[in-house]
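The values are calculated or read from the model by the stated rules, or taken from the named source; none is laboratory data. No experiment lies behind these values; they were computed from the predicted model shown. Cβ coordinates were reconstructed from backbone atoms using ideal geometry, including for glycine residues, and neighbour counts include every protein chain displayed. Each accessible area value is taken on the protein alone, full model and side chains, heavy atoms only, with ligands, DNA and RNA left out. Shrake-Rupley method; radii C 1.70, N 1.55, O 1.52, S 1.80 Å.
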Amino acid sequence: MLSKKNKEALFNPLSKDNPILVQILGICSSLAVTASLEPAIVMGISVIAVLAFSNVIISFLRKTIPTNIRIIVQLVVIAALVIIVQQILVAYNYDVSKKLSVFIGLIITNCIIMGRLEAFAMHNRPWPSFLDGVGNGLGYTIILVIVAFFRELLGSGTLFGFKVIPQWCYDHGYMDNGLMILPPMALITLGCIIWYHRAHNKELQED
Amino acid sequence: MEELNLFIKSIFIDNMIFAYFLGMCSFLAVGLAVTFMLVVTVPINYMLNKYVLQEGALTWLDPSLAGVDLSFLGLILFIAVIASATQLVEMAVEKFSPSLYASLGIFLPLIAVNCAILGAALFMQQRDFSSAWTATVYGAGSGIGWLLAIVGIAAIREKIAYSDIPKPLRGVGIAFIITGLMGIAFMSFLGIRLG
């Protein structure tokens with residue numbers, strides 16, 4: 001079930017080979033959806049689902065896909081899965097799907113998915129590919145959640161919509177930092193996370 | 001004396017990178033390609049959305065189709081249009097400028113998965129523009145904005161190669177922070193309205 005190689009496929013993307021921090025894939029979607037925790041988590045789950053299943057499907061098909069048109073085949077598989085996810089969201093969690101707006105659609109062009117299909121699923125059997133998809137999706141979700149945690153806490157003083165900064169702080173002059181809600185602050189938060197991550201993983205530092 | 005002056009000037013003052021940003025033509029080329037793609041694909045997708053996908057859009061074909069709503073197929077059609085347009089651009093660049101084609105390499109086909117292009121199509125669908133012309137203008141504007149931003153970021157990154165940055169922050173870390181600061185700078189344009 002979980003041989004050494006499979007374990008690596010599942011757990012490496014969580015930190016050492018994190019898709020956002022180390023492989024630098026799929027940044028754009030991490031900006032807009034991280035203003036608060038709830039959409040960030042829904043987005044993360046959607047990406048895990050699409051990534052894991054597209055990895056499995058492409059891995060089953062890997063010997064039959066002609067190399068010339070593999071990008072189009074991959075895009076079709078991804079787009080079909082994203083449509084399913086989108087329809088499920090609209091049906092069961094309409095408010096969040098409104099908040100995520102176009103960003104669910106943009107999972108199609110999320111480079112993590114294309115990147116993992118090209119780098120892993122095209123050369124590996126379905127089970128390791130599934131684990132690789134789940135691992136990379138989790139790595140992505142963790143970062144989204146960390147960024148969203150700081151942005152929601154500092155920007156609106158809430159977590160999951162609940163007030164966590166006590167009222168007496170506001171009474172004594174504390175103010176929410178409205179800048180944290182704006183998209184550019186997601187980039188800067190991400191930059192700081194990378195800084196912290198690399199300070200602890202010296203082998204990732206650039207000369 | 002004249003030559004010495006020129007020599008010093010060309011080293012320090014008219015520095016190729018610092019003053020003219022040469023060597024960035026590939027960024028410019030990618031920017032132009034993205035703009036072109038947006039101008040081509042946004043109106044096509046607009047037409048698709050208006051005459052095929054929206055609820056009741058198929059009435060021009062047959063009045064009995066008024067209740068058909070194909071908008072869930074939007075994503076797959078948009079990405080197909082974008083992928084085929086990218087293929088066209090790639091073939092054109094390969095034919096007319098092989099050197100540019102070689103220097104762009106893998107980046108040209110990757111435009112197909114550039115979120116800006118699919119994003120423009122999706123925002124277009126959301127904003128409900130009144131005509132194909134408005135959609136084209138929106139595509140062109142978004143493309144030029146993208147070009148400005150990417151050239152700006154590339155310029156700053158070239159300069160940053162010579163600054164003393166804390167080790168763990170080098171490379172991507174600082175690039176993110178710069179991009180964030182540029183995003184904040186671009187926000188100063190918010191609220192501008194002509195006419």
Is it the case that B:ALA121 is in contact with a Ser or Thr (Cβ under 9 Å, 6 or more places away or on another chain) and surrounded by fewer than 18 Cβ atoms within 10 Å (Cβ to Cβ)?
no
Any pair with Cβ under 7 angstrom, 6 or more apart, that starts in segment A:164-186 at a residue that is of a type in the set (Gly, Ala, Ser) and ends at one that is buried (at least 16 other Cβ atoms within 10 Å of the Cβ):
A:GLY178/A:GLY155; A:ALA186/A:SER30; A:ALA186/A:LEU31; A:ALA186/A:THR34; A:ALA186/A:VAL147; A:ALA186/A:ARG151
Do you know which of the residues in segment A:156-171 that are surrounded by fewer than 16 Cβ atoms within 10 Å (Cβ to Cβ) and among the hydroxyl-bearing types (Ser, Thr, Tyr) is nearest to A:VAL96 (Cα to Cα)?
A:THR158
Test: residue in segment A:142-155 that is over 19 Å from the mean Cα position of the chain (by Cα), at pLDDT below 85 and buried (at least 16 other Cβ atoms within 10 Å of the Cβ):
no
Starting from segment B:74-96, keep only residues that are in contact (Cβ under 8 Å) with a residue 40 or more places away in the chain and over 23 Å from A:ILE83 (Cβ atoms), then list their pairs with residues that are open to solvent by 10 Å² or more (accessible area, probe 1.4 Å) and assigned to a helix (DSSP H, G or I) whose Cβ atoms are within a distance under 7 Å, requiring at least 6 positions of separation or different chains.
B:VAL89/B:ALA33; B:VAL89/B:PHE36; B:VAL93/B:LEU100; B:VAL93/B:TYR101
Only one of B:ILE111, B:ILE153, B:ILE144 that is open to solvent by 30 Å² or more (accessible area, probe 1.4 Å), within 14 Å of another protein chain (Cβ to nearest Cβ) and in contact (Cβ under 8 Å) with a residue 12 or more places away in the chain:
B:ILE153
Selection status of B:ALA92, surrounded by fewer than 16 Cβ atoms within 10 Å (Cβ to Cβ), at pLDDT 80 or above, under 24 Å from A:ARG70 (Cα atoms) and of a type outside the set (Val, Ile, Thr):
yes
Let me confirm something: among A:ILE45, A:ILE65, which residue is more than 14 Å from chain B (Cβ to nearest Cβ) and either open to solvent by 30 Å² or more (accessible area, probe 1.4 Å) or at pLDDT 90 or above (or both)?
A:ILE45
Whether any residue in segment A:137-145 is closer than 18 Å to A:ASN12 by Cβ and within 14 Å of another protein chain (Cβ to nearest Cβ) is what I want to check.
yes
Can we say A:PHE11 is of a type in the set (Phe, Trp, Tyr) and under 20 Å from A:ASP132 (Cβ atoms)?
yes
So if I check each of A:GLY191, A:GLY173, which one is of a type in the set (Gly, Ala, Ser) and either facing another protein chain (nearest Cβ under 8 Å) or touching a strand residue (DSSP E or B) at 6+ places or on another chain (Cβ under 7 Å) (or both)?
A:GLY191
From the options A:ILE193, A:ILE146, A:ILE104, residue that is free of Cβ contacts under 8 Å to residues at least 60 places away in the same chain and not in a loop (DSSP other than H, G, I, E, B):
A:ILE146
Please work out if A:ILE71 is within 14 Å of chain B (Cβ to nearest Cβ), farther than 30 Å from A:VAL96 by Cα and of a type in the set (A, V, I, L, M).
yes
